[in-house]
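Enquirer: Please find one structure pasted underneath; my questions will follow.
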Amino acid sequence: MFDRLRHSKLMFWSVEILILIFVVIGLTQVSFLFAPVATFFSTLLIPILSAGFLFYLFNPIVKLLQKFHISRNISILLIFLVVIGALVLVFMAVLPNLIYQVTQFVTNIPDFLKGVRSFISKASHYTWYQRLNIGKYVASLQISPSKVLSKVLGGFSTGLPTVIGSVASMMISIITIPVMLFYFLKDGENFVPSIQKMLPHRYHEEVATVFTRLNSTLSHYIGGQAIECLFVGTFTFIGYLIIGMPYAYLLGFIAGIVTIIPYLGPYIGIAPALAIAATEGWTKMLLVVVVVVIIQMTDGNFIYPNVIGRSLDIHPLTIIILLMVAGNLWGFLGTILAVPTYAVIKTVVTYLYELYRFHQEHKHDEDADSDEENAGEAHQIKDQADPQLKNK
């Protein structure tokens, strides 16, 4: 009985699970040994992700330039020059206006809060407002401009060391990201052959195929998302300018940035615009909604299908669940990385499943051919034996 239990699958998996639990418990007790490793990877995470994002954005351009008989190194140099020129234009034209509007918004926060309170007070005449019983919350809302400014300035002074540390980390990233990007673009073509060298020769074709699919998926997604962000940000800014929205530059910038979050981005981007429009009345809020709806309909019907298309082939409900889970676990960075990470995993798993089915069908065909061959040999032996039996 004990021998049968010892060799059973239940005993095997029970022991495996217990060993895994003890390993996890043991690692939690010596977590200080892994803290430097975690710090090392967290420090490199943002530069590597940023350089990888830019690699998939610019690598198709490098390949396009190579088709015109321009060497890869010269193509990379041209891209860097164009990017540096674009950044200079951004700093000269975009950044000053953005900083000005952010400063104006922070300065006008007390007046903005007063406008919101006035808007809510006017809404108290409506039945839906009375049913929600918001009046007591509005009555308890005491707004003091000096108090708000003092809190803002106090929070800034308290968090000044953190701000300095973040600025220092940002400066380091600004230096390291271009260096990483240069080597990614320069040696990116050698990545797959390097992986192939580490594996047996019979897996070389499979490795090349799966990485080709991964490159195609990520290139479509990252390039498409960059174009989408630019389109939504630009036309949101233009639309807000047409309807006379204050802080149109800042609101357009926010709308373009949050568009990187699929499906949920438009709702996040319209929230600050509606809050500001509420201080100017229902008409302005309605115009904001009209602008956003027009832009999202244009994006959903023309930009997204043609730029990203169905390359990801992920159901919208799956994307929403991924964003909710990743957002709760890893915050804003999780919402950005959830969809491409899922797309990569899905591409690998789908290819492995296709490979498995191909081998199974190939094996089935070989078995069928073998059976047919054996049946043919049997018939041949029978045909040879029948005349002999008849002679007897």
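Enquirer: Taking 35 Å as R0, compute the FRET efficiency from the Cβ-Cβ separation of Phe68 and Phe302 and round it to 0.05.
Expert: On the way: r = 29 Å, r/R0 = 0.84.
That pair, Phe68 with Phe302, gives E of 0.75.
Enquirer: Could you please put Asp299, Asp187, Asp111 in sequence from largest to smallest accessible area, using a 1.4 Å probe?
Expert: On the way: Asp299 10, Asp187 65, Asp111 100 Å².
Largest accessible area first, the list is Asp111, Asp187, Asp299.
Enquirer: If you roll a 1.4 Å probe over the heavy atoms of the protein chains, what accessible area per residue do you get for segment 235-299, in Å²? Kindly include the intermediate steps, with their values, before the conclusion.
Expert: Details: 2990 Å² over 65 residues.
Heavy-atom accessible area per residue stands at 46 Å².
Enquirer: Would you please give the FRET efficiency between Ile242 and Gln360, computed as 1/(1 + (r/R0)^6) with r the Cβ-Cβ distance and R0 = 35 Å, to the nearest 0.05? Let's see the in-between values first.
Expert: Working: r = 60 Å, r/R0 = 1.72.
That gives a FRET efficiency of 0.05.
Enquirer: Mind ranking Leu44, Leu241, Leu230 by accessible surface for me, highest first, 1.4 Å probe?
Expert: Details: Leu44 55, Leu241 100, Leu230 120 Å².
I get Leu230, Leu241, Leu44, largest accessible area first.
Enquirer: Gain in length, Ile195 to Leu337, computed as 0.36 nm per residue apart minus the alpha-carbon separation, to one decimal in nm? Write down the numbers at each step before the final one.
Expert: Values: separation 142, 0.36 × 142 = 51.12 nm, distance 2.41 nm.
The span from Ile195 to Leu337 would gain 48.7 nm if fully extended.
Enquirer: Rounded to whole Hz and in sequence order, give me ³J(HN,Hα) for segment 196-201 from the Karplus expression 6.51 cos²θ - 1.76 cosθ + 1.60, θ = phi - 60°, writing x for Gly and Pro.
Expert: In residue order, the calculated couplings are 5, 5, 7, 10, x, 4 Hz.
Enquirer: Excluding ligands and nucleic acids, what accessible area in Å² is computed for Tyr263 using a 1.4 Å probe, to the nearest 10?
Expert: Here the accessible area works out near 100 Å².
The values are calculated or read from the model by the stated rules, or taken from the named source; none is laboratory data. Keep in mind it's a predicted model, so treat the numbers as computed, not measured. Note: ideal-geometry Cβ built from the backbone for every residue, glycine included; neighbour counts use all protein chains shown. Areas reflect the complete protein model, heavy atoms only, side chains present, ligands, DNA and RNA absent. Shrake-Rupley method; radii C 1.70, N 1.55, O 1.52, S 1.80 Å.
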